[in-house]
Structures are given as C-alpha cells and as structure tokens.
Amino acid sequence: MTDDQLNLQQYLQDTAQQLEEAQVYLGHGTDNYWDEAVHLVLSCLGIPLDADTAVLEQPVDGEQQTRVKTWLVQRIEQRVPVPYLSGEAWFAGVPFAVNRDVLIPRSPLAELIEQDFAPWCMEPPRRVLDMCCGSGCIGIATALYLPESQVDLADLSVSALEVAQQNIQRHNVAQRVTTFESDLFAALPQDRLGSYDLIVSNPPYVDAQDMADLPAEYRHEPGLALASGEDGLDCVRRLLAEAGRFLSENGVLIVEVGNSWVALERAFPRVPFVWLEFARGGHGVFLLTNKDLAQYREHFAL
Ligand SMILES: C[S@@+](CC[C@H](N)C(=O)[O-])C[C@H]1O[C@@H](n2cnc3c(N)ncnc32)[C@H](O)[C@@H]1O
C-alpha cells in the first residue's frame, strides 16, 4: 500500500512509529507516542481530538500528508512541542491559546481547580490571584469553574500577558479577570493588600542543574518561565516573603515547586509545608495558610 492510500488509523500508526524512532521527548500533554501522533495529526488536519472513531477509516490524501509532514519535520528535527505548532493546549478541560511567549500549560494544579480547591479552601475562594500566570490557564480555568470568583493574573512578561488577554477574551471572562504586569507583587494595587482568599502560583522553579539537562523540547519555552537560580528557589523565596500581606485572614497560598521541593524542605526545615497529592500524577505542590506565613515570618525574611 502506498502512502496516498493510507487511512487515518494507518497514518497515525506510521506517525507514532516515526516519533518513537526519533525518540522525541514527551512532556507537553502526552505520555506515549500514539497519543503524541494523535495530537499532532488531528490538530494539523483540524479534526477534533474527541471525534468519533469512524474518522479512523477516512483516507488521508496527499495534500493532508504534505501539511502533516511540515509539522512532523519541526517536531522531530527541531523538537518543537505540538502545542506550539497547533497554537493550543488543554488545561483542566479548557482550551487555551499558546505561543512561544508562554509555558505550555501542564500543571497538576488543574486537578485542584476541577475540584474547586476543596478541601483545601473551606469555601470556594471568591478573590483569587494567579501569580506568574503565563497563558492565564490557572486563573482563567479557576474563573470558569468558580463563576462567583474575581481573579487577578500577574506576570512580569508583557508578551505572556498578551496571550493571557487573548484567553480572557476567548473565554468571555473579562468582567471577572484582570491582568497586571508586575514583578511578583510589586505593581499590584494597594487595595489588593489583605484581599485574596487564594493565591495560587506555578512560578519558575527549575534549578541550574535541571536547566542544564533540559530536553530540547523545553528549550522552546521562555527561560523566564523556567529558570529560578542555582537551587530553583529564587522566585519562591520572594513569594513566601511577600504573599502573606496580600492574603485575607483565612487565605491560603498554593505553590508548585516540582523537583525543587527537596531544596525547599532543606532551606526551611522548620516550616510545616503541606504537600498535596494528585490522582493524575504530579508532585511538588505545597500549601501554607496565611497563619502559617505569619507564624514563620522570620524564616521567610529576605
Ligand atoms: C512556570 S511559568 C507558569 C505559567 C502558567 N502559570 C502555567 O502554569 O502554565 C512561570 C511564569 O512566571 C513568570 N515570571 C517569572 N518571573 C516572574 C516575576 N518575577 N514576577 C512575575 N512573573 C514572573 C514567567 O513570565 C512565566 O510566565
């Protein structure tokens, strides 16, 4: 059978095999080569990812194969992650526009959002800050799951905030979601002091060793979104020192630090970080209450 006679099922199998032979790194939404092929081919051909399996019988014509080939070359030779080719990534069941100015959404925090942050917040949080928002995926998904919430998004990167704005428009939440260009809390308005029921953050936290070892795929993502000093904690230290002033009395801080959880425990051995667990995988997400932050204030002083 020649290439121009392949149906979608066969074409996907062939693509998955090419991806596996090239040993592309999986870590941007899939964990096996078949799923990676499905994402790449269906997104490229404009077929919904949840299409009926009957589409597998459809032939893939020469023009379609040429289109997929240009993506496959970028995926294999330049190691470009599929969401940067398609311009879209799904997070907490919600589609987000992405480009190379933002991290590709993949945080385990999605699971907490889908559960309205229960049981970690006593009541669904009404005032929320997504600190280091990138595409805005965490804050915007939170606004969609919690229709009563008012959400602020903050990021240092103007180009990331442009993507976040696109996503705010796309999901029609401009009435409840506001963006701030800010170096952490520096440019947040005074009226935000003591206001947030929840500050949630996936800040940069990759340490120097992991940065040096990053697979090529991650080098397409902005360095500002990943690197955070020798031990990965530069940004997190500042968050810990500053977040308390912006939390409401019963407010909660939830931060992803990934592999840098080891360094964090080492840096603050007396602080009782609560490490959250995830049914779908992921690790290195801690929770501290405003009261914890106040109690251990001297430990966090910079
Ligand atoms: C790991 S990415 C997370 C993006 C998004 N929250 C997500 O989960 O996909 C970290 C983000 O922090 C931003 N950032 C880095 N340093 C910052 C700072 N000092 N203040 C505010 N944002 C910062 C980067 O621009 C990047 O968008």
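Each reported figure results from applying straightforward, stated rules to the coordinates on display, with no laboratory input. These numbers were taken from a predicted model, which means no experiment stands behind them. Every residue, glycine among them, receives a Cβ derived from its backbone with ideal geometry; neighbour counts consider all protein chains shown.
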Original post:
Of all the Cα-Cα pairs you can form in segment 3-86, what percent are over 15 Å apart?
Top reply: 52
Subject >> Dimensionless Rg over Rh [segment 124-270; C-alpha; Kirkwood] >> reply: 0.97
Original post:
Are there trypsin sites (Lys or Arg not before Pro) in segment 258-302 that DSSP marks as loop and that have at most 13 other Cβ atoms within 10 Å, and which are they?
Top reply: R270, R280
Original post:
Which value results when the Cα radius of gyration for the chain is divided by 2.2 N^0.38 Å?
Top reply: 1.08
Subject >> Assigned charges on the beta-carbon of Lys, Arg, Asp, Glu; the chain dipole about Cα centre (debye) >> reply: 920
Original post:
Modelled label-to-label distance, A51 and A186, 7 Å Cα→beta-carbon offset: nm?
Top reply: 4.8
Original post:
Mind checking which of R245, R127, R67 has the largest fluctuation in a GNM of the chain, springs on alpha carbons under 10 Å?
Top reply: R67
Original post:
Per residue of the chain, what 222 nm ellipticity follows from adding -39500 (n - 2.57) for every DSSP H run with n ≥ 4, rounded to the nearest 500?
Top reply: -10500 deg cm²/dmol
Subject >> For the chain, built as a Gaussian network whose Cα springs stay under 10 Å, the top-fluctuating residue of D197, D130, D35 >> reply: D35
**OP:** With r as the distance between the Cβ atoms of K69 and D234 and R0 = 41 Å, compute the FRET efficiency 1/(1 + (r/R0)^6) and round to 0.05.
**Re:** 0.45
Original post:
Looking at the chain, what % of its DSSP beta bridges pair antiparallel, to the nearest 5?
Top reply: 40
